[in-house]
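K.L.:
The structure is given below, and queries will be raised subsequently.
The values are calculated or read from the model by the stated rules, or taken from the named source; none is laboratory data. None of these values were measured; they are calculated from a predicted model. Don't worry about glycine lacking a Cβ; one is built from the backbone with ideal geometry, like all the others, and counts go over all protein chains shown. Accessible surface is based on the protein model in full, side chains and every heavy atom, while ligands, DNA and RNA are left aside. Shrake-Rupley method; radii C 1.70, N 1.55, O 1.52, S 1.80 Å.
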Amino acid sequence: MQQAPARRRGRPRPANVIARDEEVYGLIAGGTGSRAALARATGLDRPTVALCVQRLKKAGRIRTCADGGAMVWIVDNGAPCP
């Protein structure tokens with residue numbers, strides 16, 4: 001007997017949210033790590049950037065590091081914080 005695939009809770013994310021998260025991830029992978037810098041680079045407001053970062057952290061794609069007292073995000077590839 002086959003089991004049905006597990007359903008995810010809630011509704012699927014809209015395509016524009018997925019694209020926005022990927023844009024933010026690309027900037028973080030390229031070295032832009034602070035919320036203010038991400039907001040400037042994307043044209044999004046800081047709370048929206050924070051939501052993108054929260055989803056990426058929950059997915060295990062990025063992590064938080066301290067950089068001279070400021071919090072920045074880097075790709076979670078096992079490398080130490082800069």
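K.L.:
Return, in residue-number order, each cysteine of the chain whose C-beta is not under 4.7 Å from any other cysteine's C-beta.
P.N.:
That list is 52.
K.L.:
With all protein chains present, calculate the accessible area of residue 64 using a 1.4 Å probe and round the result to the nearest 10 Å².
P.N.:
That residue has around 50 Å² of solvent-accessible surface.
K.L.:
Which whole-number value in Å² is the accessible area per residue of the chain, probe 1.4 Å?
P.N.:
73
K.L.:
Report the dimensions of the chain along its three principal axes from the alpha-carbon atoms, largest first, rounded to Å.
P.N.:
Result, largest extent first: 56, 29, 18 Å.
K.L.:
Taking only DSSP H segments of four or more residues, each worth -39500 (n - 2.57), what value at 222 nm results for the chain once the sum is divided by all its residues, to the nearest 500 deg cm²/dmol?
P.N.:
-13500 deg cm²/dmol
K.L.:
If I model a spin label as a point 7 Å beyond the Cα along the Cα-Cβ vector, how far apart are those points for residue 40 and residue 16 in nm?
P.N.:
Those two pseudo-labels are separated by 2.6 nm.
K.L.:
Take every Cα pair under 8 Å in the chain that's 6+ residues apart, average their separations, divide by the length, and report that relative contact order as a whole percent.
P.N.:
So the answer I get is 25 percent.
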